[in-house]
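The values are calculated or read from the model by the stated rules, or taken from the named source; none is laboratory data. Just so it is clear, the model here is predicted, and its values are computed rather than measured. Don't worry about glycine lacking a Cβ; one is built from the backbone with ideal geometry, like all the others, and counts go over all protein chains shown.
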Amino acid sequence: MLVKDSWREKGYVDEPVPSDVDLKSEIRRMCKEKNAVILAHYYTDGEVQDIADFVGDSLALAQWSAKTDADIIVMCGVHFMGETNKILCPGKKVLVLDLNAGCSLADSCNADDLSKFIDEHPGHKVVSYVNTTAAVKALTDVVVTSSNAKLIIDSFPQDEKLIFGPDKNLGAYINSVTGRDMVLWNGGCHVHGQFSLEAILKLKEEHPGAKVLVHPECPAPIQKIADVIGSTAGLLNYSVKDDAEVFIVATESGILHEMRKASPDKTFIPAPPEATETIGCSCNECSFMKLNTMRKLYNTLKYEWPEIEVDKDVAEKAVRPIEKMLEISKSLKSAMSSK
Ligand code: 13P
Ligand code: SF4
């Protein structure tokens, strides 16, 4: 397939889809014909989650891609997730829907700066959150996700010196629950860093008995008022098992789709963000995740582009810390929803 220059410029296949095409049935037909499988993160739009073969958090998506026998993996999420799939499955074609779907957290840590930081902290092992580029993972001893960070940090001897990056809020949370003093990289996510404490407290007043669910990428004041702190899958599981009728959810609002499907009789309220129009985004949606649309999914499958490539030397180094994470996390029940 010849990739058009205009697609390269835009970062996705920008072709009109004829109005008589039934997107859902065509997407499923192409998956069957090409032995392709669609993975979606909980933060993507509901219709993208609904057509996917597997929906999950970062850990579940990595666990799944490590064992698929599909020829093509279509990752509806953000770029680092596609890279993780490619690193774990170098022989497979890994497609994403839009090369512009990055991650502000991954962008907050580049490999050259991390390399200098590591030199400034001799004798430290490096623990990186999965929301990082392949080049950062290549400098890392072990990768973690928010589902398994505590388990993996606990696997190090208590006196082991550790650097943790790039999310400072997750790092501080793990320090507090493990009693460690990891050196933290000063990075963060633009969505999780923006929730309004005042607005959440007001919602709590309006809904006595509501439980507050918080992702560990949120700052400490938001974590302090949480009834539970967990990964997207952890928060989803809690909302299913807990008896409360109302939940205030402080993570990307895409997760509410799965929460409402799993517990249709419960009420889920997205935690409001601060009014921060001046920095360009004042929403509880990840603009990168929302670049995954049904039309792009159709075109990506049809033209088998954009394809993720990872430099061979980088991939050879990056695969080790990811596999180490998967090995340590074997005991964790996969939080993936498969259909
Ligand atoms: P999870 O590990 O909970 O899937 O989080 C991924 C992410 O991007 C959080 O912002
Ligand atoms: Fe990255 Fe934040 Fe979007 Fe998650 S929500 S993918 S951390 S920008």
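General observations
- Filter result for Cys76 (surrounded by fewer than 24 Cβ atoms within 10 Å (Cβ to Cβ) and under 16 Å from the mean Cα position of the chain (by Cα)): no
- Of all residues making up region 96-134, the number that are more than 16 Å from Pro216 (Cα to Cα), polar (S, T, N, Q) and buried (at least 21 other Cβ atoms within 10 Å of the Cβ): 2
- Residue, farthest from ligand 1 (Cβ to nearest atom), within region 253-295, restricted to residues that are of a type in the set (Asp, Glu) and modelled with pLDDT under 95: Glu277
- Among the strands (runs of 3 or more DSSP E) confined to region 96-189, the ones with at least 1 residues that are among the hydroxyl-bearing types (Ser, Thr, Tyr) and within 15 Å of ligand 1 (Cβ to nearest atom) are located at 125-129.
- Whichever residue in region 57-76 is touching a residue at least 40 places away in the same chain (Cβ under 8 Å) and part of a helix (DSSP H, G or I) and, among such residues, is nearest to ligand 2 (Cβ to nearest atom): Ser58
- Region 197-227, subset within 16 Å of ligand 2 (Cβ to nearest atom) and assigned to a loop (DSSP other than H, G, I, E, B), residue surrounded by the fewest Cβ atoms within 10 Å (Cβ to Cβ): Pro219
- Filtered residue count, region 228-265, keeping only those that are part of a loop (DSSP other than H, G, I, E, B) and touching a Cys at 6+ places or on another chain (Cβ under 9 Å): 4
- Subset of region 89-109 [farther than 13 Å from Val130 by Cα and of a type in the set (A, V, I, L, M)]: Val94, Leu95, Val96, Leu97, Leu99, Ala101
- Test: residue in region 19-31 that is within 16 Å of ligand 1 (Cβ to nearest atom), assigned to a loop (DSSP other than H, G, I, E, B) and either within 22 Å of the chain's Cα centre (by Cα) or more than 30 Å from Ala149 (Cα to Cα) (or both): no
- Residue satisfying all of: in region 184-226; more than 23 Å from Ser128 (Cβ to Cβ) and without any contact (Cβ under 8 Å) to a residue 24 or more places away in the chain; nearest to the chain's Cα centre (by Cα) among these: Lys224
- Unmet criterion (only one of (1) under 29 Å from Ile222 (Cα atoms); (2) modelled with pLDDT of 95 or more) for Ser147: (2)
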